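Just below is one structure, and these are the notes that go with it.
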Amino acid sequence: MLTGSLVLVGFGVLVVLILLSGVRYIPNDRVGLVEKRFSFRGSIKGGLIAKHGEAGFAPDLLRGGLHYLLPFQYLVYRMPLVTIPQGKIGYVFARDGHALAPMQTLASNVAANDFQDALGFLNAGGQKGPQRQILREGTYAINLAQFVVVTEGHVYFLPLDKSEEQNFKAMAMVIAQRNGFEPIVIRGSDDLIGIVTVHDGASLAQGEIIAPVVGDDPHTTLTYHNNFQDPEAFLRAGGLRGRQLQVLVEGTYYVNRLFATVEPVPKTIVEVGHVGVVVSYTGQRGDDVSGDAYRHGELVKSGERGVSTEPLLPGKYAFNTYAGKVIMVPTTNFILKWTKGETGSHKLDENLSEVSLITKDAFEPSLPLSVVVHIDYRKAPLVIQRFGDVKKLVEQTLDPMVAAFFKNVGQTRTLIQLIHDRSAIQDQSTLEMREKFKRYNLELEEVLIGTPASSAGDQAIEQVLAQLRARQIAEEQVETYARQERAAVKERELKEAQARAQKQTHLTESELSIQIESNQGKAAYQRSVQEASRIRALAEAEAEKVSRIGVAEAVAIEEQVRAYGGPKFQVTREVMSRFADAIAQSKVDVVPKVLMNNGAAGNGGQQSGSVLESLLMLMLSDRFDTKDAVGKLPEAAPRRPEAVALQSQLRTAMGKNGTPPAAT
């Protein structure tokens, strides 16, 4: 009996334990995934989730707390909540649902976009497979038997088969390679745009390479799919798979990388001094607007396939480089150098070299050239349409044309003429080639010619140039010597001026001394002139006086002569006077101390006289013949008329007392 009681107690305990085993506790940070092992409704007919209470995984979850389930019928899996970190993206893979259509890549969940309601997802027609809808940051209570959530750091799922884990890890790897766990961030400072390639939807038509913008108006595409962030809206609007014409610009975009990948590419930047000619690879085929006379290609309106008539002006453009090409055309003056080894920054002349000439005198120089060219920005599309790009224009057209022109010029001139006439050749070539360049929608500004040079191994031109240099040096030396001569003269003048400046004080003093001496000489001269005048006046007065006295004496003598009886008696008188003076000076006694006579004293002495007197009288009578033939004295001679006139003037000039006037 005791044994039976123990059995009953044990059975009761066992029943209690069995009943208690139906109690399930779910922490608040987890969910309970319920699996029904058996059911009176049988097993599910298809799929994985038992939507009607069949045996299998229940669509609903057990949230935090105590739950009671019948023992042995239910198996509960405690699964973590799905957490998407801030700024990250989670991808969902549905194990159950409708199968994908043949053209689908991702499952559509237009109505079943709530992955936390597995039953609602299935009832709304949710599809199995990778979903177009993504999970943004947050925490989700998801049935991990129905859905697999792939995040950057973890794959949330209930393992059902060992092979599944490998598949989900491969899926996570693909997403990571596309950087799909992070949103697309395009920064303005990076000057990038995003080229979008859609991997789902209808395919492009035959011959198309770029999917057109969804919607008629590109500015309204945001209402369709919000820049590819709403795949369902994009596909409903008729979006096609493939590379898209629409691009992503600056901003942050949460794009499902399984739906669309984004390739960052640089913006198209048209620098100042350039325009961008657009060659579109997509769009409708437009009408040629270049005209019937222009047969080098077609020009179309903007947005149509072909060369656009409207170039891009300087600026930054979000241009899809897969949908077209922008060819840069310089619009400022640029230089093309026909010089090997010299290349401009534009690289248009990197394959150009000097033009080989043959001159009239059989020299073969190489002529370096530079050509300044300008392209009108309005004509840039014509240039691109005709030549493809500017470099082809330079190499295939301008190079042979310029070379031929200067070869013709070289054949008409000798080497010396080619060197001396460089300026004239430049002007002539500029005028003639300008017309040729206009035919190709180019504007030639100027042609610049360098110095002809010898080809490798040819020294003939160098010899000619050496002779010209020697000749020029000789001419320059002549000019140098002439200038040195002028410089020497100027130097001498400078030194003289400096010496004169240093001696200026002495020169001034000497000049003043000369002036003083000159003035003194003039004063002395004037004094001498006055003195001479005075002396001359005195001399004239004295002479007049002497002459008057002489005249007077002459008149007196003449009167005396007349008084003495004529000239003879006057001479006698003079002789006697001189004789008396001589006797007086010699102190000879005229009267003898002893008187001697001849006895004739009785006659009173008149007959006697001295012997000397007698002798003198005899001598004088014989000398002057004082007696005439009869022994008588002659009568007094008559007066001359001059004496008479002079005597009259003297008498008039004499005063009352008979004294002549004083000389003036």
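The values are calculated or read from the model by the stated rules, or taken from the named source; none is laboratory data. All figures in this text were calculated on a predicted structure; none of them were measured in a lab. Please note: Cβ atoms are built from the backbone with ideal geometry, for glycine as well, and neighbour counts cover all protein chains shown.
The figures follow:
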read-out: Test: residue in region 360-372 that is within 26 Å of the chain's Cα centre (by Cα), at pLDDT 85 or above and either part of a loop (DSSP other than H, G, I, E, B) or of a type in the set (Ser, Thr, Tyr) (or both); value: yes
read-out: Condition met for Asn167 (polar (S, T, N, Q), more than 28 Å from Val265 (Cα to Cα) and part of a loop (DSSP other than H, G, I, E, B)); value: no
read-out: Options Gly276, Gly239, Gly251; residue that is modelled with pLDDT of 85 or more, crowded, with 21+ Cβ neighbours inside 10 Å and under 30 Å from Gly129 (Cβ atoms); value: Gly239
read-out: Candidate set from region 144-165 (those that are farther than 19 Å from Ala99 by Cβ, of a type in the set (A, V, I, L, M) and in contact with a helix residue (DSSP H, G or I) (Cβ under 8 Å, 6 or more places away or on another chain)); member that is surrounded by the fewest Cβ atoms within 10 Å (Cβ to Cβ); value: Val155
read-out: Residue among Ser308, Ser353 that is under 30 Å from Thr412 (Cα atoms) and surrounded by 15 or more Cβ atoms within 10 Å (Cβ to Cβ); value: Ser353
read-out: Filtered residues of region 118-132 (kept if outside any strand (DSSP E or B), closer than 15 Å to Val149 by Cβ and touching a residue at least 40 places away in the same chain (Cβ under 8 Å)); value: Ala118
read-out: Arg187 vs. criteria of a type in the set (D, E, K, R) and within 26 Å of Lys267 (Cα to Cα); value: yes
read-out: Residues satisfying the stated conditions in region 225-261, i.e. in a loop (DSSP other than H, G, I, E, B) and in contact (Cβ under 8 Å) with a residue 40 or more places away in the chain; value: Gly239, Arg241, Val249, Glu250, Tyr254, Val255, Asn256, Arg257, Leu258, Phe259
read-out: Scope region 337-357; condition closer than 14 Å to Val372 by Cα and outside any loop (DSSP other than H, G, I, E, B); matching residues; value: Lys337, Trp338
read-out: Only one of Gln411, Gln428, Gln385, Gln417 that is under 30 Å from Val326 (Cβ atoms) and among the polar types (S, T, N, Q); value: Gln385
read-out: Test for Ile473: is it of a type in the set (Val, Ile, Thr), surrounded by 10 or more Cβ atoms within 10 Å (Cβ to Cβ), modelled with pLDDT of 85 or more and not assigned by TED's automatic domain parsing to the domain that holds Gly410; value: yes
read-out: Lone qualifier among Gly207, Gly194, Gly283, Gly201 - being within 20 Å of Gly324 (Cα to Cα) and more than 48 Å from the chain's Cα centre (by Cα); value: Gly207
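Each row is one residue, and each column tells you yes or no for (1) modelled with pLDDT under 90; (2) touching a Phe, Trp or Tyr at 6+ places or on another chain (Cβ under 6 Å).
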residue	(1), (2)
Glu152	no, yes
Asn167	yes, no
Gln177	no, no
Glu182	no, no
Val198	no, no
Thr223	yes, no
Asn226	yes, no
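Listed here are the residues, each with its yes/no results for (1) farther than 26 Å from Val198 by Cα; (2) surrounded by 14 or more Cβ atoms within 10 Å (Cβ to Cβ); (3) not assigned by TED's automatic domain parsing to the domain that holds Gly32.
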{"position": "Pro71", "(1), (2), (3)": "yes, no, no"}
{"position": "Tyr77", "(1), (2), (3)": "yes, yes, no"}
{"position": "Gly90", "(1), (2), (3)": "no, yes, no"}
{"position": "Asp96", "(1), (2), (3)": "no, yes, no"}
{"position": "Asn113", "(1), (2), (3)": "no, yes, no"}
{"position": "Asn123", "(1), (2), (3)": "yes, no, no"}
{"position": "Gly129", "(1), (2), (3)": "no, yes, no"}
{"position": "Ile134", "(1), (2), (3)": "no, yes, no"}
{"position": "Ile142", "(1), (2), (3)": "yes, yes, no"}
